[in-house]
Amino acid sequence: MHHIVRYPAVIFDLDGTLVNTIPDITAAINAALATAGAVPLDSDRVKQLVGRGLANALRGAMESSGLETGGELFSSCLSVLSDYYGRHPYDGSFPYPGILELLEKLQRDGVVLGVLSNKTDSLVADIIAALFPRVSFAFVRGQRLDRPMKPAPSALDDFFTLSGLDPADVCYVGDSEVDWQFASRFSGMGSVIVSWGFRSRKQLEEAGISCLADTITELEEAIYGGL
């Protein structure tokens, strides 16, 4: 049985939306901090640092640890982080409960599925392939040198070119203020921000975000227009 879907396409953020990647990001950041003699950060602190790419997350982690973020030290730590995370991108990461079932339902109903993340492009592809082998994403994109990161709207230029769709055909699903800012820059684009990710509901509400989903059922209802 096929269901009527409000949006022809749904684009998802990765970290904190589809997948809890904090265990592996925390391990990678702490591996980098260890080389600088800093104490490890806990996962709750790391959650607050992610959303604008791993380099910015590391910069925030180093600042939290009282380390200089310029020059050779930052470059050295970033190299360690990139190497470690490249070898362990999904050791402890896992899809949030109900996400796989929702993706498969959307797929059966003919929805164009995509992923847009500020994580390095190759890592996004690896994680999606490993954790969602049965889902056919039409578009999987991470950070590339030739495209700005979210919230710059041009991050989705390639998707619109390839799909022939317009912003009004798309619902963007994320978990942070960056995702909300991103979707807000498109006229007519739908957006849902989930509260199970890397920002608390209180933080999201304080950022002025009202299009919130606390459960997978609420997210599904928003995508399907309440049907």
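GNM remark for the chain: springs join alpha carbons under 10 Å apart, and the peak mean-square fluctuation among Thr161, Thr215, Thr21 falls on Thr161. Taking a point 7 Å out from the Cα of Ile216 in the direction of its Cβ, the residues of segment 1-45 whose backbone N falls within less than 12 Å of it are 18-19. Relative to the current alpha-carbon distance between Ser65 and Asp109, full extension at 0.36 nm per residue lengthens the span by 11.1 nm.
With the gyration tensor restricted to C-alpha atoms of the chain, the semi-axes of the equivalent ellipsoid amount to 31, 17, 17 Å, longest first.
Shape of segment 1-134 from the C-alpha gyration tensor: prolate (a/c of 1.5 or more and a/b above b/c, with a ≥ b ≥ c the square roots of its eigenvalues).
Placing unit charges on the Cβ atoms only, positive for Lys and Arg and negative for Asp and Glu, gives segment 181-227 a dipole magnitude near 220 debye about its Cα centre.
Principal-axis analysis of the Cα atoms of the chain puts helix 121-131 at an angle of about 60° to the longest axis. Ala138 versus Ser75, label points 7 Å from Cα toward the beta carbon: distance in nm? If labels sit at Ala138 and Ser75, their model points lie 4.3 nm apart. Dividing the convex hull volume of the alpha-carbon atoms in segment 22-87 by its residue count gives 69 Å³ per residue. In degrees from 0 to 90, rounded to the nearest 10, what is the angle of the helix 71-87 Cα long axis to the longest principal axis of the chain? That helix lies at roughly 50 degrees to the long axis. Here Ala55 and Phe94 are evaluated by their C-beta separation; at R0 = 22 Å the FRET efficiency comes out at 0.35.
Dipole size of segment 42-85 about its Cα centre, with +1 on Lys/Arg Cβ and -1 on Asp/Glu Cβ: approximately 200 debye, rounded to the nearest 20.
Among Val39, Val115, Val170, determine the one that fluctuates most according to a GNM of the chain built with springs between C-alpha atoms less than 10 Å apart. Result: Val39 has the largest fluctuation of those listed.
Which value, in debye to the nearest 20, describes the size of the charge dipole of segment 1-135 about its Cα centre when Lys and Arg Cβ atoms bear +1, Asp and Glu Cβ atoms bear -1, and nothing else is charged? With only Lys, Arg, Asp and Glu charged at Cβ, the dipole is about 360 debye. The angle separating the long axis of helix 22-35 from the principal Cα axis of greatest extent in the chain is about 20 degrees. The gain in end-to-end length when the Thr35 to Leu162 segment is fully stretched comes to 41.4 nm, 0.36 nm per residue minus the alpha carbon separation.
Positive end of the dipole of the chain (Cβ unit charges, origin at the Cα centre): among Leu165, Ala130, Trp196, the Cα lying farthest that way belongs to Leu165.
Laboratory data are not the source of any read-out in this text; all were calculated from the coordinates shown. Since this is a predicted model, take the numbers as computed values, not measurements. Backbone-built Cβ (ideal geometry, glycine too); neighbour counts: all protein chains shown.
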